[in-house]
1. Straight-line reach only, C-alpha to C-alpha below 18 angstrom: list the aspartates and glutamates that residue 185 could link to, leaving out same-chain residues fewer than 8 apart.
2. Tabulate in residue order the Karplus-calculated ³J(HN,Hα) for region 63-74, using 6.51 cos²θ - 1.76 cosθ + 1.60 with θ = phi - 60°, rounded to whole Hz; enter x for Gly and Pro.
3. Sorted by average packing, counted as other Cβ atoms within 10 angstrom per residue and highest first, what order do 66-74, 227-235, 110-118 take?
4. As an exercise, identify the trypsin sites (Lys or Arg not before Pro) in region 26-100 lying in DSSP coil whose Cβ has no more than 12 other Cβ atoms within 10 Å.
5. Would you please give the FRET efficiency between residue 115 and residue 183, computed as 1/(1 + (r/R0)^6) with r the Cβ-Cβ distance and R0 = 41 Å, to the nearest 0.05?
6. Among the lysines, which fall within straight-line cross-link reach of residue 262, defined as a Cα-Cα distance under 19 Å, with same-chain neighbours fewer than 8 residues apart omitted?
7. What lysines could a cross-link reach from residue 47, if we take a straight Cα to Cα line under 21 Å and drop same-chain neighbours fewer than 8 places away?
8. Over region 108-204, average the accessible area per residue using a 1.4 Å probe and give it in Å², no decimals.
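The values are calculated or read from the model by the stated rules, or taken from the named source; none is laboratory data. Note that this is a predicted model, so its numbers are computed, not measured. For neighbour counting, all protein chains shown are included, and Cβ atoms are generated from backbone atoms with ideal geometry for every residue, glycine included. Just so you know, the surface numbers come from the protein's heavy atoms only, side chains and all, with ligands and any DNA or RNA stripped out. Shrake-Rupley method; radii C 1.70, N 1.55, O 1.52, S 1.80 Å.
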Amino acid sequence: MGERDSAKGRRIILGCLLVCGIALAGCGFTKYTYDDLKKAEQARDGKAVVNIYRSLADSGDATAAVVLSYIAYDGSWGDPDKEMAWKYTKMAAAAGHPEGLFNLGLMHIDGSGGLAKDYGRARELFLRAVEKGFAAANCGLAYLERDGLGCSPDAKRAFDYELAAAKTGNPRSMYEVCLAYFRGKGVSKDVRRAYYWAVGAWTDPITREARDVAKRIEEEEKLTPADKQAVLEEIRAAAKAGGIEARWLFSLHRSGGMGVSKDPVQACAWLLRAPSALYTVRPMRGVEDLFSKADIARAKELAGTLR
């Protein structure tokens, strides 16, 4: 190749690189920060929020990948996009994020996202999530044990797993623990303990069933106001001692005015002081679902004045 041909070749390569650079710039390969995300959320710019989360996730931020999987699935910042949700769940799990591992396990249970149903693989993922500190994943293990999916049904093991998840503030697990105590399945029947956990499903769509159980206990066991107050005092004492599930439960009592004066700000304050293991990537999620922004702001100012 002559010098003229060589120079021509270099010009062609440089030209291609320049075109590629312009194309890449036009495709939105911008580095975003969480400050940018906060501004987009405050502006209620759903498209920008999704794009920033996607940019962060594609840059290797596993936490952003988990959050993006949630908002894509439920459409909280735009239209639901299950394909995107599954893609970023897989990405978060591949990075070893505990919540991503748990969600991937759920996908293996129902065979979503192009994955085959595989209860053994789901169990492995749930166990890894628990080992990494995501205790709420115990509810997945409880589900497998209770229904005998990939194993023989074991009510005792199911109860133990469900109780571990309930202690993280998981409302559905609280309800399952309530039922186990009420029916004596996997644990000795104890209607007082069932009543203790019944209110835990307050934040879940199955609230009505939980309240029905509580009402049955009150009627069948002829619980007096003093009996119910004793349970409430037990919850209050455990909450003040730092019990996560007790702080959730007492918050729910405060929120609904059950056995104690209704006070949403105090309820929110108790919930803020329950370091939830239910959502590792969005610790405010449960709070924001239950209380107004004004109540949350006031609750944060209460500091140690909980009652």
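1. Output for residue 185: 145, 147, 154, 160, 162, 176, 209.
2. 5, 4, 5, 5, 4, 4, 4, 5, 6, 6, 5, 9
3. Numbers: 66-74: 22.6, 227-235: 16.4, 110-118: 12.8.
Going from most to least packed, we get 66-74, 227-235, 110-118.
4. Details: sites: 31, 38, 39, 44, 47, 54, 82, 87, 90; in loops: 31, 44.
Counting only loop positions with at most 12 other Cβ atoms within 10 Å, the trypsin sites (Lys or Arg not before Pro) in region 26-100 are 31, 44.
5. On the way: r = 33 Å, r/R0 = 0.82.
Once rounded, the FRET efficiency stands at 0.75.
6. The reachable lysines, counting only those whose Cα sits under 19 Å from residue 262, are 228, 240, 293, 300.
7. Qualifying lysines at Cα under 21 Å: 31, 38, 39, 82, 87.
8. On the way: 4150 Å² over 97 residues.
For region 108-204, the solvent-accessible area averages 43 Å² per residue.
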